[in-house]
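This report concerns only the one structure given below.
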Amino acid sequence: MKLLSVAIPCYNSENYMTHCIQTLLTGGEEVEILIVDDGSDKDSTPQIADDYARRYPHICRAIHQENGGHGAAVNAGLSSASGTFFKVVDSDDWVNEEAYQQVLDVLRRYQKPADKEDALDMLVSNFVYEKEGAKRKKVMNYRTAFPKNELFGWEDVHFFMTGQYILMHSVIYRTQLLRDCHLKLPEHTFYVDNIFVYHPLPYVRRLYYLDVNFYRYYIGRSDQSVNEKVMIGRIDQQLLVTKLLLDDHDVLKIRPRKLAHYMMTYLEIMMTVSSMLAIQSDDPENFRKKKELWRHLRKKSLPLFLRLRWGFLGQGVNLPGRGGRKIFSVCYKITRKFYGFN
């Protein structure tokens, strides 16, 4: 069994996938690199995937499938994974090689736990926003939230600051946990990385935080899914993912309470981003969809609706008029800083 399986969703990625793969190859034969060609049809992505599988047969595997989107590519990687642990690295991102070795050291320590209390379910590390043209790179770390360099549970979590969220870039899950919680991402849908991180959380018992800048998250291409204009154009998919998260767990019944609180704040930011995009679009039809989203939450859970709707962010994106837009401007700056919109 491999120590770590890394899935790389690729769609017409010939311009950057090589750099991603090369950084991951430094993990050696303990790592399985699953290069998922998601129906690429405009460049040499399939050939590059096959070439790596031929040159590194004990490390790389090429998976070819019809185009199903990012979620389908992650699903294919997970179903094929043979590693004890599982991570997704997007094809335009990469990893820091020195931090990579430290990550593997921790995973080795917990690959074969003596009992369930020693089983590592989720490893968290830092990631860096590699924004095109930015001289100073923003680092997302979790020093205020998690104990460092030890196995811990949700009851040991400290304080999450504003904008400090666990994202796909920062997590490595135990593969069996993802299978046991029946994780399956929607196809032909963007922003499903939110589901990838959020859905397994109630199944996670033991965590480990390694304070290293491991994942390098590239931002700068005009066609990226997190580009603000692109997100507005795909607002229906953002709204769909937000509704799926609202319907996924009854967070008011989640225990421990610190986990429930974190999951509620995650839903709050998703509601805020969805509402923000509708407002930024300046489209009456999107305003209607925004109201429908909040009605959906109210119908799903009135107590949760009241907590999110009358929180600072909820009020900011729902107040009408000039004064309401000023408050919205603050909300927008917070979410823009969190997501790193272009």
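The values are calculated or read from the model by the stated rules, or taken from the named source; none is laboratory data. Quick caveat, the model's predicted, so the values are computed rather than measured. Note: ideal-geometry Cβ built from the backbone for every residue, glycine included; neighbour counts use all protein chains shown. Accessible surface areas use protein heavy atoms only, side chains included; no ligands, DNA or RNA. Shrake-Rupley method; radii C 1.70, N 1.55, O 1.52, S 1.80 Å.
Summary table
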quantity: SER13 long-range amide H proximity, modeled H, under 5 Å; calculated: THR45
quantity: Per-residue ³J(HN,Hα) for the stretch 40-55, Karplus 6.51 cos²θ - 1.76 cosθ + 1.60, θ = phi - 60°, Hz, x for Gly and Pro; calculated: 4, 9, 10, 8, 9, 3, x, 5, 4, 4, 5, 5, 5, 5, 6, 6
quantity: The stretch 235-290: radius of gyration over Cα atoms, expressed as a fraction of 2.2 N^0.38 Å; calculated: 1.28
quantity: Rounded FRET efficiency, nearest 0.05, which uses the C-beta distance separating SER301 from ASP236 and R0 of 22 Å; calculated: 0.45
quantity: Interchain or long-range residues, amide H under 5 Å from PHE85's placed H; calculated: LEU4, SER5, THR175
quantity: Charge dipole (debye, nearest 20) of the stretch 1-141; +1 at Cβ of Lys and Arg, -1 at Cβ of Asp and Glu; calculated: 380
quantity: For the chain, size of Cβ-based charge dipole, Lys and Arg +1, Asp and Glu -1, in debye; calculated: 1860
quantity: Kirkwood Rh and Cα Rg combined as Rg over Rh, evaluated for the stretch 1-68; calculated: 0.95
quantity: Surface share of carbon and sulfur [accessible, 1.4 angstrom probe, percent] for the chain; calculated: 50
quantity: Computed lengthening from HIS19 to MET161, 0.36 nm per intervening residue step minus Cα-Cα distance; calculated: 47.9 nm
quantity: Using θ = phi - 60° and Karplus 6.51 cos²θ - 1.76 cosθ + 1.60, couplings along the stretch 310-316 (whole Hz; Gly, Pro as x); calculated: 9, x, 4, 5, x, 5, x
quantity: Bridge type composition, the chain - antiparallel percent by DSSP, nearest 5; calculated: 30
quantity: Using θ = phi - 60° and Karplus 6.51 cos²θ - 1.76 cosθ + 1.60, couplings along the stretch 125-141 (whole Hz; Gly, Pro as x); calculated: 9, 7, 9, 10, 6, 8, 7, 4, x, 7, 6, 9, 8, 6, 10, 8, 10
quantity: Net lengthening on full extension, ASP283/GLU30 (0.36 nm per residue, minus Cα-Cα); calculated: 86.0 nm
quantity: Where the stretch 84-130 is the region considered: accessible area per residue in Å², 1.4 Å probe; calculated: 39
quantity: Residue-span extension gain [HIS249 to ASP115] - 0.36 nm each, minus C-alpha spacing; calculated: 45.5 nm
quantity: C-alpha center-to-center spacing [the stretch 253-320, the stretch 116-147] in angstrom; calculated: 25
quantity: Compactness index (Cα Rg / 2.2 N^0.38 Å), the chain; calculated: 0.99
quantity: Per residue solvent-accessible surface (Å²) - the stretch 38-83, probe of 1.4 Å; calculated: 47
quantity: The chain - mean residue ellipticity at 222 nm from DSSP helices (-39,500 (n - 2.57) per run, n ≥ 4, rounded to 500); calculated: -13500 deg cm²/dmol
quantity: Virtual paramagnetic centre 7 Å along Cα→Cβ of GLN102, amide N under 13 Å, in the stretch 143-174; calculated: 143, 148-150
